[in-house]
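Bear in mind that the values in this text are calculations on the coordinates, not laboratory data. This is a predicted model, so every value here is computed, not measured. Cβ: placed from backbone, ideal geometry, glycine included. Neighbour counts: every protein chain shown.
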Amino acid sequence: MAYGEEAKIGQWSLDKLAFLERYLPAYLRATKSALHKYYIDGFAGRGEWVNKRTGQKVAGSAAIALQYAQQFTHLFFVEFDEERAEHLRELIRIHNASHKATVFVGDCNLLLSEVVKRIHPSAPSFVFLDPSSDWIVNSKSDNFFKGFLAILNRRHIA
Ligand SMILES: C[S@@+](CC[C@H](N)C(=O)[O-])C[C@H]1O[C@@H](n2cnc3c(N)ncnc32)[C@H](O)[C@@H]1O
């Protein structure tokens with residue numbers, strides 16, 4: 001089953017999101033003096049989920065990051081699934097952050113390399129890589145880890 005089938009998530013994901021919610025403001029405090037800073041989400045999902053147990057709405061990683069859109073120079077979201085990407089675009093509109101955020105649709109192994117081209121190499125960048133098990137299926141084997149390496153090296157890998 002794909003991650004977040006019917007947009008429902010369980011405790012493991014809720015714990016992960018709680019961690020991000022606490023960590024991101026601390027990161028922004030720590031990088032307060034940087035002129036530019038970026039948020040990069042390699043497996044951005046759909047921005048909003050439903051708690052499998054309670055049925056309540058839950059902010060996904062993209063929605064959490066967008067709360068801080070004004071403090072980032074730019075936010076980049078990569079998502080394989082077009083329908084989820086459309087949710088992300090809508091979320092960006094709701095946050096009035098169209099000038100601040102870009103959604104890339106496709107395999108992050110290829111697209112993270114494109115993201116790297118758009119960020120200043122020495123600017124602090126918060127990179128959230130949160131793959132689901134289908135990421136291997138969605139990537140061509142030649143490209144495995146290319147995106148991760150591009151992020152680590154901060155350069156485009158052809
Ligand atoms: C674990 S979920 C992301 C959850 C999201 N980070 C959150 O916390 O709200 C992983 C996402 O990666 C997407 N995905 C799977 N393979 C991918 C790939 N090769 N490149 C980009 N996105 C991929 C899936 O469609 C899914 O939405």
Task: Of the criteria (1) farther than 30 Å from Lys140 by Cβ; (2) more than 16 Å from the ligand (Cβ to nearest atom), which one Tyr38 fails - done: (1)
Open item on the list: Could you tell me how many of the residues in segment 47-66 are near the ligand (Cβ under 10 Å from one of its atoms) and either in contact with a strand residue (DSSP E or B) (Cβ under 8 Å, 6 or more places away or on another chain) or acidic (Asp, Glu) (or both)?
Closed with: 10
- [ ] Go through segment 15-51 residue by residue and tally those that are farther than 21 Å from Asp81 by Cα and in contact with a Lys or Arg (Cβ under 9 Å, 6 or more places away or on another chain).
- [x] 4
Open item on the list: I want to confirm something. Restricting to segment 103-158 and keeping residues that are more than 9 Å from the ligand (Cβ to nearest atom) and among the polar types (S, T, N, Q), which single residue is nearest to Ala62 (Cα to Cα)?
Closed with: Ser125
Open item on the list: Checking the condition in contact with a helix residue (DSSP H, G or I) (Cβ under 8 Å, 6 or more places away or on another chain) and more than 21 Å from Ser125 (Cβ to Cβ), which residue from Arg46, Arg84, Arg89 passes?
Closed with: Arg46
TODO: Report yes if His95 is away from the ligand (no atom under 12 Å from the Cβ), touching a His at 6+ places or on another chain (Cβ under 6 Å) and at negative phi, otherwise no.
DONE: no
Open item on the list: Being assigned to a loop (DSSP other than H, G, I, E, B) and surrounded by 14 or more Cβ atoms within 10 Å (Cβ to Cβ) is the filter here; which residues of segment 133-143 pass it?
Closed with: Asp134, Ser139
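Quick one: would you say Lys37 is closer than 15 Å to Phe128 by Cβ, of a type in the set (D, E, K, R) and touching a strand residue (DSSP E or B) at 6+ places or on another chain (Cβ under 8 Å)?
Yes, satisfied.
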Task: Yes/no for Ala34 being over 19 Å from Leu152 (Cβ atoms) and touching a Pro at 6+ places or on another chain (Cβ under 6 Å) - done: yes
Open item on the list: Scan segment 26-33 and tell me whether some residue there is within 12 Å of the ligand (Cβ to nearest atom), within 18 Å of the chain's Cα centre (by Cα) and in contact (Cβ under 8 Å) with a residue 12 or more places away in the chain.
Closed with: no
Open item on the list: Just to be sure I understand the filter: pairs with C-beta atoms under 6 Å, separated by 6 or more residues or on different chains, first member in segment 135-147 and farther than 12 Å from Phe80 by Cβ, second member not charged (D, E, K, R). Which pairs pass?
Closed with: Asn143/Asn109; Asn143/Leu110; Lys146/Asn109; Lys146/Ile157
